[in-house]
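For reference, the structure discussed in these notes is given below.
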Amino acid sequence: MTYQRPRTGIIATLDGREYPATLADQGQVTLLSTTDPADPRFTHTPSGWHSTIPAAALERLDEVSTRADHLGHECLVVGISAQGSAGLYYLGPDKSKAAADGFVQIDPGTWAKNAPITELTNYREHHADLLFTTWLTHS
């Protein structure tokens, strides 16, 4: 799989392989692949390969976002330009601190800033387990 940085969206793990995914109806998940996964559950279409399977068949189903710290603030990394500028959303609770450090309010409650990627620390992926409640009720 070719990764785009920052990696975001829904990622499903099936038989040890990760696939970009979308949530379908009634506990179903559609897995996507741009290359032939050599798996008979996938169907080839003009846009690539896809397979809709029950979420219960997956090993993992995560919503992935990328986070980093900037000037001591936890931020969501929403994009990185080819020139090395990172688009950031402030995730902290104190919006006055965001404003003091150059974040600009773009929507109610949303503060954004572009910063050189070299100013980011603690760069990491954040995974929210979308199957947690299912596993919790079946344990």
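The values are calculated or read from the model by the stated rules, or taken from the named source; none is laboratory data. The shown structure was predicted, so the numbers you read here are calculated from the model rather than taken from an experiment. Virtual Cβ from ideal backbone geometry, glycine too; neighbours counted across all protein chains shown. Protein only, heavy atoms only, side chains kept; ligands, DNA and RNA dropped before computing areas. Shrake-Rupley method; radii C 1.70, N 1.55, O 1.52, S 1.80 Å.
Details
- Karplus (6.51, -1.76, 1.60) ³J(HN,Hα), θ = phi - 60°, over segment 49-62, in Hz, Gly and Pro reported as x: 10, 8, 8, 9, 9, x, 4, 5, 7, 8, 7, 8, 8, 10
- Under 5 Å, built H, 5+ apart or other chain: amide partners of residue 52: 31
- In order through segment 12-22: 3J(HN,Hα) via Karplus (6.51 cos²θ - 1.76 cosθ + 1.60), integer Hz, x for Gly, Pro: 10, 10, 10, 6, x, 10, 8, 9, x, 9, 10
- Distances between placed amide hydrogens fall under 5 Å for residue 130 paired with 61, 62, 63, all partners being 5 or more residues away or on another chain.
- Convex hull volume of the C-alpha atoms in segment 1-88, normalised per residue: 126 Å³.
- With R₀ set to 30 Å, the beta-carbon distance separating residue 128 from residue 15 gives a calculated FRET efficiency near 0.85.
- Loop chymotrypsin sites (Phe, Trp or Tyr not before Pro), segment 1-72, which have at most 16 other Cβ atoms in a 10 Å radius of their Cβ (DSSP): 3
- Solvent-accessible area per residue for segment 14-139 (1.4 angstrom probe, square angstrom): 60 Å²
- With contacts taken as Cα pairs under 8 Å and at least 6 residues apart, segment 1-71 reaches a relative contact order of 37 percent.
- Carbon plus sulfur fraction of accessible area for segment 14-139, probe 1.4 Å, in percent: 55 percent
- Whole-percent P(r), segment 14-139, all Cα pairs, 10 Å bins from 0: 11, 30, 24, 25, 9, 0.
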